[in-house]
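Q: Below are the structure tokens for one structure; questions will follow.
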Amino acid sequence: MDYGADPTGIADSTEAFKQALSDACGSPEDRRLMSEITDLGGSELNLGGGSYLISSPLTLPSNPVGNIKVQPNRSRSSLYPTIIHGGSLRASNDFPCEHYMIELGFNSSKSTHSRYNFEFVTLSGLMIDANYRGGGIVVINSLRTTINNCYIIHFTSDGIFIHSGHETLITNSFIGQHITAGAHPLEKQFTGTGIRLTGNDNIVTDVVIFSAAIGILVAGQANILTGVHCYNKAAAFGGTGIYLKLSGLTQTRIVNCYLDYTNIVSEDPVQLYVSGSFFFGDANVVLKSVKGVMKGVNIVDNMFSGLGGEGVDIVRLDESGEAFTAVDQVMVERNMVDNMRVRSTVAKASVQGNGTTWTVDFKPVLLFPNRIDHVQYALLNTGSEFPKHALRSVLDNMVVIESNVQVEATVYVHVEQRWK
């Protein structure tokens, strides 16, 4: 407001923001963070709780800077990073649709990895209304950026887009294309992506994505999602909660998340860990074959709650393109399931009878068709005979045990599909 910005949101405040940002990033101290990145000593841009109309993106200078903040009222201290904070930003009706409200490094080369554009920048306590004119926040090739306690709405592209760089933290935020608490009448028409990660080593924690075609799209390695609640667009309407577009090298951990009527889709998953999460309303995990590769996948200790009816598989193989042929170290087990079909790579069952053949059908449970890598069985004979018996077949996920004489017996069978 000291620079003439209108906190009522009536007049355009773009020029005031540009001047304030220029001053916040000026007079650099003679200190460096990463090579070539100027340490601004904790510079802050304080919005003072106002609501501001802007007609072009808010950007930091093209020269690399760091330790700057945009967040709620707080006394200046070099203990804090560079911060922008404490107010609302709304795009004007002529805001350029191909841009984002806040752009960190948007004009820098998206392909370069020679240096970072920014380091230790914090965006906090902001409400960002893109007015259906573009995206919310883009961070490109930056290091140790924090986006905290933000409410991002009315975007058409992405709520938050992280490209390249390292170690962006997105925490305690709410993201949605439309303002809703569920059952929105236009849910089938939701578009856009809540969070798009095309960089490595990022953390998304305690974030709610309440409307978008895709909740989180991940196309970079070594990211972790924890405490995320996605009810952005139901899978039945074509939505996806978390889409891992990382064919062949996933390296993603999804822990303690809530998939609410929307699913997780992973292409050719390699090193994928999904655990401690709650899947509600027929939400499930879809493993999609692109080149037929699935290695090092753990989907364990989750809760699945369905809508009843015929039931939906808790984990489904999408082999519409081609079949999975290179499968190794896949564990789907120890999941709690209600009103959905259990799928697992480990199963056990028993069958009782008087005869020479015992057949146990694991097709309704095992994840992969016609694939049993390991079998253990025990034959409990309640009579006085000591028959010879052997495993005869595992074709079509059906285990067949035969004895040389007819006996009254119970056969207990344990099977696994984990290893190649």
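The values are calculated or read from the model by the stated rules, or taken from the named source; none is laboratory data. Note that the coordinates shown come from a computational prediction; the quantities given were computed from them, not determined experimentally. Reconstructed Cβ throughout: ideal geometry from the backbone, glycine too, with neighbour counts over all protein chains shown. Quick note on the areas: whole protein, heavy atoms, side chains included, nothing else; ligands and nucleic acids left out. Shrake-Rupley method; radii C 1.70, N 1.55, O 1.52, S 1.80 Å.
Q: Could you sort 378-388, 11-21, 256-266 so that the peptide with the highest average Cβ count within 10 Å comes first and the rest follow in order? Walk me through the numbers on the way to the answer.
A: Numbers: 378-388: 11.6, 11-21: 18.4, 256-266: 23.8.
The densest-packed peptide leads the list: 256-266, 11-21, 378-388.
Q: Can I ask one more? Compute a Gaussian network model of the chain, connecting alpha carbons closer than 10 Å, and tell me which residue from Val394, Val351, Val342 fluctuates the most.
A: In the Gaussian network model the winner is Val351.
Q: Ok, one more. Straight-line reach from Lys288: which aspartates and glutamates fall under 17 Å, measuring Cα to Cα and dropping same-chain residues less than 8 apart?
A: Result set, ordered by chain and number: Glu267, Asp268, Asp313, Asp318, Glu319, Glu322, Asp328.
Q: Can you give the accessible area per residue of the chain, in Å², using a 1.4 Å probe?
A: Result: 42 Å² of accessible area for each residue.
Q: Pairs of alpha-carbon atoms within less than 8 angstrom and 6+ residues apart define the contacts here; what relative contact order does the chain have, in percent?
A: With pairs under 8 Å counted, the relative contact order is 7 percent.
Q: Which entries of Lys245/Lys295; Lys233/Lys291; Lys188/Lys291 show an alpha-carbon separation above 21 angstrom in the structure shown?
A: Exceeds cut-off: Lys233/Lys291; Lys188/Lys291.
Q: With +1 on each Lys and Arg Cβ and -1 on each Asp and Glu Cβ, and nothing else charged, work out how big the dipole of the range 333-378 is about its Cα centre, in Debye to the nearest 20.
A: Charge dipole of the range 333-378: 80 debye, to the nearest 20.
Q: Compute the orientation-averaged projected area for the chain from the convex hull of its Cα atoms and round it to one decimal in nm².
A: 23.9
Q: What percentage of the solvent-accessible surface of the chain, computed with a 1.4 Å probe over protein heavy atoms, is contributed by carbon and sulfur atoms?
A: Solvent-exposed carbon and sulfur of the chain make up 51 percent of the total.
Q: Given the rule -39500 (n - 2.57) for each run of at least 4 DSSP H residues, summed and divided by the residues of the chain, what is its mean residue ellipticity at 222 nm, to the nearest 500 deg cm²/dmol?
A: On the way: 1 runs with 11 residues, N = 420.
The helix-only estimate for the chain comes to -1000 deg cm²/dmol at 222 nm.
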